[in-house]
Amino acid sequence: MKTLLIVHHSMTGGTAQLAQAALRGAGGEPGVVARLLKAPQAGPDDVLAADGYLFATPENLAAIAGMMKDFFDRCYYPVLGRIEGRPYATVVCAGSDGQNAVRQVERIATGWRLKPVAPALIVITHAQTPERILAPKQIAAADLQQAEELGAALAAGLALGVF
Ligand SMILES: Cc1cc2nc3c(=O)[nH]c(=O)nc-3n(C[C@H](O)[C@H](O)[C@H](O)COP(=O)(O)O)c2cc1C
């Protein structure tokens with residue numbers, strides 16, 4: 001059995017819906033167990049026990065969410081040198097941009113020597129005003145479909161051992 005670890009944080013629900021969709025997609029793959037953890041619940045043991053990763057975060061203030069940063073801060077050195085070559089992908093939920101959050105995840109993953117196996121999925125919610133930014137999000141079906149497909153692709157690659 002291979003394990004796909006999905007670590008996420010979400011303030012207004014968008015990233016959580018995308019992470020759930022990826023979990024659904026991964027769940028259809030025999031031979032793969034997909035684990036969905038909120039960032040504060042995920043630690044070095046979870047990272048070490050997984051064969052591949054999906055990191056899902058909102059972009060907040062042109063950065064990954066603080067809770068995701070905390071996850072990486074807690075896990076970075078305990079697992080450094082012990083997960084090299086494992087595959088990963090990134091999902092970013094953003095109001096209008098998302099690029100810098102992707103860059104940050106990529107830099108951390110490069111430090112871990114993880115292998116990117118899919119282009120980052122950036123989902124734009126078009127929330128621009130404080131009211132809309134703070135409102136609960138409803139991610140469009142087409143975007144959820146993309147996240148589901150990403151989860152399925154990660155799981156399939158793990159099951160086949162092609163990464
Ligand atoms: C404090 C804060 C800062 C934000 N900064 C950015 C930003 O720099 N770039 C961007 O595209 N969206 C930004 N947003 C918008 C969120 O990325 C967007 O609302 C996204 O849907 C949040 O994901 P979530 O629903 O999983 O919390 C920000 C939102 C908050 C609350």
Next item on the list: For helix 99-111, report the angle its Cα long axis makes with the longest principal axis of the Cα atoms of the chain; keep it between 0 and 90° and round to the nearest 10°.
Entry: 20 degrees
Notebook entry, point to check: Between the helical axis of 66-79 and the dominant principal axis of the chain, each derived from Cα atoms, what acute angle in degrees is found, rounded to the nearest 10?
Noted result: 10 degrees
Checklist line | Charge context of A42, other residues only, Cβ under 11 angstrom, K/R +1, D/E -1 | finding: 0
Next item on the list: Report the antiparallel proportion of the DSSP beta bridges in the chain as a percent, rounded to a multiple of 5.
Entry: 10 percent
Next item on the list: Could you tell me how many degrees, from 0 to 90 and to the nearest 10, lie between the Cα long axis of helix 141-160 and the main elongation axis, the longest principal axis, of the Cα atoms of the chain?
Entry: 10 degrees
Next item on the list: Please compute the net charge surrounding A142, taking Lys and Arg as +1 and Asp and Glu as -1 over other residues with Cβ under 14 Å from its Cβ.
Entry: -3
Next item on the list: Would you mind calculating the gained length between Q99 and K115 on full extension (0.36 nm times residue separation, minus the Cα-Cα distance), in nm to one decimal?
Entry: 3.9 nm
Notebook entry, point to check: Residues with beta-carbon under 9 Å from that of L114, excluding L114: net charge, scoring Lys, Arg +1 and Asp, Glu -1?
Noted result: +2
Notebook entry, point to check: Can you give the helix-only mean residue ellipticity at 222 nm for the chain, where every DSSP H stretch with n ≥ 4 adds -39500 (n - 2.57) and the sum goes over all residues, rounded to the nearest 500 deg cm²/dmol?
Noted result: -13500 deg cm²/dmol
Check: What percent does the relative contact order of region 4-141 come to when contacts are Cα pairs within less than 8 Å and at least six residues apart?
Finding: 27 percent
Note to self: Under 10 Å, Cα contacts only: if you run a Gaussian network model on the chain, which one of G52, G98, G31 comes out with the highest mean-square fluctuation?
What the structure shows: G31
Check: If you take the square roots of the eigenvalues of the alpha-carbon gyration tensor of region 106-163 and sort them as a ≥ b ≥ c, do you get rounded (a/c under 1.5), prolate (a/b over b/c) or oblate?
Finding: oblate
Check: From the square roots a ≥ b ≥ c of the eigenvalues of the alpha-carbon gyration tensor of the chain, which class results: rounded (a/c under 1.5), prolate (a/b over b/c), or oblate?
Finding: oblate
Margin query: Give me the percent relative contact order of region 63-153, please, defined on Cα pairs under 8 angstrom at least 6 residues apart.
Written below: 31 percent
Checklist line | Compactness of region 1-70 as Cα Rg over 2.2 N^0.38 Å, two decimals | finding: 1.10
Check: What is the spin-label model distance, in nm, from R24 to E149 if the labels are put 7 Å beyond Cα along the C-beta direction?
Finding: 1.5 nm
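Any read-out appearing in this document is the output of simple, stated calculations on the displayed coordinates, not a laboratory observation. For clarity, every value in this text was computed on a predicted model and none was experimentally measured. Ideal geometry is used to build each Cβ from the backbone, glycine not excepted, and the neighbour counts take in all protein chains shown.
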